[in-house]
Amino acid sequence: MSDYSAENIQVLEGLEGVRRRPGMYISGTNEKGLHQLVNEIVDNAVDEALMDACDEITVTIHTDNSVSVRDNGRGIPVGIQAQTGLPAVTVVYTVLHAGGKFGNGGYKVSGGLHGVGASVVNALSEWLIVRVFTGGQIHEQKLSRGLVVTDLEVVGETTETGTFVHFKPDPEIFEVLEFNFDTMKQRLQETAFLTKGLKINLFDMRPRPGQLVPSSGTSSEPVRKRTYCYEGGISQFVEHINKNKTPITDEIFYCSAVYEKVLVEVAMQHTDGYLESTYSFVNNINTHDGGTHITGFRAALTKTLNDYAKKFNLIKENEKPLSGDDVREGLTAVLSIKMEEPQFDSQSKGKLVNSEARTAVESVLAEHFAIFLEEHPGFGKIIVEKSLLAARAREAARKAREKVRKTVLEGGRLPGKLADCSEKDPALCELYIVEGDSAGGSAKQARTPTTQAILPLRGKILNVEKARPEQIFSNAIIKDMITAVGTGIHEDFDISKLRYHKIILMTDADVDGSHIRTLLLTFIYRFMKDLIIEGNIYIAQPPLYKVEKGKNEYYAFSDEELAALLERIGREGIKPIQRYKGLGEMNADQLWDTTMDPEKRILRQVNLDDGIAADLIFAQLMGDKVEPRREFIQEFALMAKNLDI
Ligand code: TSJ
């Protein structure tokens, strides 16, 4: 079997290319690319579940940061393929883009937008073992860095069926090798919601930092584990997103139907909030930028509710119909479609362009939602009334926003409180948004006036999650921020007008400070989300402690750092340790040294790889339910990467 045909040698060259230019196949050799390897393998197992051939997938992170994926499906076929003379499973791992070349039709998660094929995982792995459990036997093949190490061979007997893949990303390729439990957890939970009834386990065998590892062999008990299984599918997804919101209907609408080979599933429920949280997926791929399926969804929702409102005289013949924005106020929805050949916009890769998706979603939703409204008399009335309120408020908001827009976009004056910088190239400019006047004053003294601008904020910062739009746009702090940043918001947002490429939130290192920071981030997230996506938003890290010894001053940014510092310099002869309660306690020099000097400061870049996680986190903090709030600060830390600048 190791008689390589000419064709097969080409194959190996193909994978050599993957190693030479990994960026062509995965998003990078960073943490994101590392996790794409897992997603690729898992997606193949999910495909098996979509064919109803498997109902459990177990993902394990091993102590050496290798990952294994096991499913209880039919097993990748091991029979010899006529074209190559090789077992199908070998082809899957050695031929670029061989995924989907065999097996019959159906919807596929893998090979879609991010699908790169299992062979790419082989190419980028130091080693990879695949075991297929089928026909009473265990077949095993070992591979490494795109090459076959051992041919497929029978290594034992079994009564089980399924596929097991175990791989270790290649340290010669990846600059990050450590898997992130939370990142994996997030994605696997999302996959479980989208694949009704599929049980997904995630096991982490790695010891926690500082945990003692038993010297006598390795324990097989996971250190952390999660299991996700949702019989309710996307309805439970909506329930999950609304966990910390207040729904206005008791029931979650759900429908599922196939229309001309497109499988459409919609789940939705309105809440008392003002913002919309709609998530859309095509073959389990999150379409962040929507597309045709979202267009169909919106059209059906607006039309059905207007028809209903007219029929029951909730709006009169001569009154304006409800607008799309009105009917979507406070809506939480998950739209999941499965189709054979999804096409994505080449510019923004998260946008579906197939026109048949629009027709399918529009038809399915219009039909099923109309029936649902007939059968649930109270439901439609509640939503229509909420939409009517929204329409009235929107008019007031429009006027308020128009004013803000005039000042921002039509060369309006910059806020009086802003100490601007003199440099005109935004790429070189930084805006420090500083809590409190006294800290703002020190920051103004400390800054480099050519490149660093300071906007001090005084007073209560509005919780945009809870405020009406007209309140938001008449709020002084919010107006100041919008004008200083320069981009405008929402549909007016224009990143080319950004006045500072770094926007740095500088708040006290205490609970109040993080609360204020969260309010600011919530505003940015809801109104200027692209700034987060583009990586323009940073969090300053002021020190917690100052230690003086002799003529030297040292700063520590955490309790651990303080302990390490004292270890290093010794405790003898140090002055009483100062714990900073706020930025205001530092003088201008100290503030510069610790928090503002580009040479020494630590900034955390805020990133939002997963909009859903962020949505949940914000709703959690900002919602009515107080208890979950405490967890927030830790959770938010997950979204903000440590970054030394
Ligand atoms: F990606 C992958 F190849 F690495 C991989 C594939 C990884 C894992 C964990 C699982 C799988 C996988 C593939 N699980 N189940 C399957 N199923 C098939 O490949 C299969 C089995 C039978 C038939 C058939 O027509 O009888 C067709 C297919 C595609």
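Yes/no per residue for (1) in a loop (DSSP other than H, G, I, E, B); (2) of a type in the set (Ser, Thr, Tyr); (3) more than 30 Å from Glu470 (Cβ to Cβ):
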{"site": "Asp508", "(1), (2), (3)": "yes, no, yes"}
{"site": "Ser514", "(1), (2), (3)": "no, yes, no"}
{"site": "Leu519", "(1), (2), (3)": "no, no, no"}
{"site": "Glu553", "(1), (2), (3)": "no, no, yes"}
{"site": "Glu561", "(1), (2), (3)": "no, no, yes"}
{"site": "Leu565", "(1), (2), (3)": "no, no, yes"}
Within the range 477-484, is there a residue that is more than 25 Å from Tyr274 (Cα to Cα) and crowded, with 17+ Cβ neighbours inside 10 Å?
-> yes
Check Leu389 against each of (1) modelled with pLDDT under 95; (2) surrounded by fewer than 17 Cβ atoms within 10 Å (Cβ to Cβ); (3) closer than 28 Å to Gly584 by Cβ and name the one condition it does not meet.
-> (3)
Could you please find all residues in the range 50-70 being within 12 Å of the ligand (Cβ to nearest atom), hydrophobic (A, V, I, L, M, F, W, C) and within 13 Å of Met184 (Cα to Cα)?
-> Val59, Val67, Val69
Answer residue from the range 75-102, given it is within 32 Å of the chain's Cα centre (by Cα) and either at pLDDT 90 or above or near the ligand (Cβ under 10 Å from one of its atoms) (or both) and is nearest to Thr150 (Cα to Cα) among those | Tyr93
Under 9 Å between Cβ atoms, at least 6 apart or on separate chains: pull out the pairs that start in the range 315-331 with a residue that is without any contact (Cβ under 8 Å) to a residue 40 or more places away in the chain and end on any residue that is hydroxyl-bearing (Ser, Thr, Tyr).
-> Pro321/Thr302; Gly324/Thr302
Take the range 255-269 and flag every residue that is in contact with an Asp or Glu (Cβ under 8 Å, 6 or more places away or on another chain), under 22 Å from Ile382 (Cα atoms) and either hydroxyl-bearing (Ser, Thr, Tyr) or buried (at least 18 other Cβ atoms within 10 Å of the Cβ) (or both).
-> Gln269
Hey, among Ser363, Ser442, Ser336, which residue is under 15 Å from Thr292 (Cβ atoms), surrounded by 20 or more Cβ atoms within 10 Å (Cβ to Cβ) and of a type outside the set (Val, Ile, Thr)?
-> Ser336
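For every residue, the table says whether it meets (1) surrounded by fewer than 22 Cβ atoms within 10 Å (Cβ to Cβ); (2) part of a loop (DSSP other than H, G, I, E, B); (3) in contact (Cβ under 8 Å) with a residue 12 or more places away in the chain.
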position: Val165; (1), (2), (3): no, no, yes
position: Glu175; (1), (2), (3): yes, yes, yes
position: Met184; (1), (2), (3): yes, no, yes
position: Thr191; (1), (2), (3): no, no, yes
position: Asn201; (1), (2), (3): yes, no, yes
Single condition Arg468 does not satisfy, out of (1) within 24 Å of Arg604 (Cα to Cα); (2) touching a residue at least 12 places away in the same chain (Cβ under 8 Å) = (1)
Output for Cβ contacts, cut-off 8 Å, separation at least six or different chains, first residue touching a residue at least 40 places away in the same chain (Cβ under 8 Å) in the range 255-269, second in a loop (DSSP other than H, G, I, E, B) and among the polar types (S, T, N, Q), reads Gln269/Thr249
Subset of the range 70-79 that is surrounded by fewer than 22 Cβ atoms within 10 Å (Cβ to Cβ) and touching a Ser or Thr at 6+ places or on another chain (Cβ under 9 Å) - its residue that is nearest to Glu178 (Cα to Cα) = Arg70
Quick one: how many residues across the range 308-364 are of a type in the set (Gly, Ala, Ser), in contact with a strand residue (DSSP E or B) (Cβ under 9 Å, 6 or more places away or on another chain) and at pLDDT 95 or above?
-> 5
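The values are calculated or read from the model by the stated rules, or taken from the named source; none is laboratory data. If you're wondering where the values come from, they're calculated on a predicted model, not measured in any experiment. Heads up, the Cβs are rebuilt from the backbone with ideal geometry, glycines too, and the neighbour counts pull from every protein chain shown.
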